[in-house]
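**Q** One structure, pasted below without further comment.
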Amino acid sequence: GPADTSPLNRIRAEVAVAGAADRIVATATEEVRELALLGVPSSKVSVVPCGVDLEHFTPAPTRSVSPSVPKRSCRYRLLSVGRLVPRKGYEIIIEALTWLPDTELLIAGRAGSGDTRPEPEHDRLAAVAERLGVADRVRLLRQIARADLPALLRSADRVICSPWYEPFGIVPLEAMACGVPVVASA
């Protein structure tokens, strides 16, 4: 819908490419369903799930602790990683924080294409945290470099993945590869 940040001609291009392709690789069954809605027969689609670089995402640090990982301000640390868009469900985690004393929440933006546009979701989430009285325990880190992501994941007691729509689902796999328990929505 209108919250989609994809290029306007994306759907038309996807339909054209899918119609001309002999075989389509999807990363999840949800993508198969979405392609079916575009008229792509499921017989043309194979699911190949996302993978994780197990040399980069490890339970034990492969180098010294990253200076980009913030020091703890509370006994417990929750972390959520991804683009700052409403569908990621960060507001749900901020609301849950009201029930979790001595717990901080870090929300780290995923390093992306270098997009420097303002992030209205950042300001909205900061306002939600303020309204709920947990602003002092919520840190919005913006983007984290891929090289620093394993150290940040390992710094958390739990990684929280609460999107109401997720096209990739790689963060839970990366967190698990780092040995960090994950709490995730269906």
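**Q** For ARG72 and ASP136, calculate 0.36 nm times their separation in residues minus their Cα-Cα distance, and state this gained length in nm to one decimal. Numbers along the way, then the final one.
**A** Numbers: separation 64, 0.36 × 64 = 23.04 nm, distance 1.22 nm.
That works out to 21.8 nm of additional length.
**Q** Would you mind giving the three semi-axes, in whole Å and largest first, of the ellipsoid equivalent to the chain according to its Cα gyration tensor?
**A** On the way: eigenvalues 205, 83, 44 Å².
Semi-axes from the Cα gyration tensor: 32, 20, 15 Å.
**Q** Where in region 146-166 does the amide nitrogen come within less than 17 Å of the point 7 Å from the Cα of GLU14, taken along Cα to Cβ?
**A** Taking a point 7 Å out along Cα→Cβ of GLU14, the residues of region 146-166 whose backbone N falls under 17 Å are 164-166.
**Q** For region 15-84, run through the GluC sites (Glu not before Pro) and keep only the ones in DSSP coil with at most 16 other Cβ atoms within 10 Å of their Cβ. Numbers along the way, then the final one.
**A** Values: sites: GLU30, GLU31, GLU34, GLU55; in loops: GLU55.
Hits after loop and neighbour filter: GLU55.
**Q** Multiply the residue gap between ALA145 and GLU55 by 0.36 nm, knock off their C-alpha separation, and tell me the result in nm, one decimal place. Numbers along the way, then the final one.
**A** Details: separation 90, 0.36 × 90 = 32.40 nm, distance 1.64 nm.
Extra length from ALA145 to GLU55 when fully extended: 30.8 nm.
**Q** Nearest 20 debye, what's the magnitude of the dipole of region 77-169 about its Cα centre given +1 on Lys and Arg Cβ and -1 on Asp and Glu Cβ?
**A** About 280 debye.
**Q** At 222 nm, what value in deg cm²/dmol follows for the chain if DSSP H runs of at least 4 each add -39500 (n - 2.57) and the sum is divided by all its residues, to the nearest 500? Could the numbers behind the result be given before it?
**A** Details: 6 runs with 54 residues, N = 186.
Rounded to the nearest 500, the figure is -8000 deg cm²/dmol.
**Q** Here's a follow-up. So how much slack lies between THR27 and ALA96, counting 0.36 nm per residue of separation and subtracting their Cα-Cα distance, in nm?
**A** So the chain would gain 21.8 nm between THR27 and ALA96.
**Q** Would you work out which of ALA28, SER162, LEU106 lies farthest towards the positive end of the dipole of the chain? Charges go on Cβ: Lys and Arg +1, Asp and Glu -1.
**A** It is LEU106.
**Q** Of PRO7, ALA18, LEU79, which is farthest along the charge dipole of the chain in the positive direction, counting Lys and Arg as +1 and Asp and Glu as -1 at C-beta?
**A** LEU79
**Q** Can I ask one more? Charges on Cβ only, +1 for Lys and Arg, -1 for Asp and Glu, centred on the Cα centroid of the chain; of PRO181, GLY39, PRO49, which one is farthest towards the dipole's positive end?
**A** Among PRO181, GLY39, PRO49, the one farthest towards the positive end of the dipole of the chain is PRO181.
**Q** Using the Cα centre of the chain as the reference point, and only Cβ charges (+1 on K/R, -1 on D/E), how large is the resulting charge dipole? Debye, rounded to the nearest 20.
**A** Details: 23 positive and 22 negative charges, 56 e Å.
With Lys and Arg at +1 and Asp and Glu at -1, about 260 debye.
**Q** Hey, another quick one. With a ≥ b ≥ c taken as the square roots of the eigenvalues of the C-alpha gyration tensor of region 35-96, please select rounded if a/c is under 1.5 and otherwise prolate if a/b is larger than b/c or oblate if it is not?
**A** It comes out oblate by the Cα gyration axes.
Read-outs: derived from the displayed coordinates by stated rules, not from any lab. Because the structure is predicted, anything quoted here is derived from the model rather than measured. Virtual Cβ from ideal backbone geometry, glycine too; neighbours counted across all protein chains shown.
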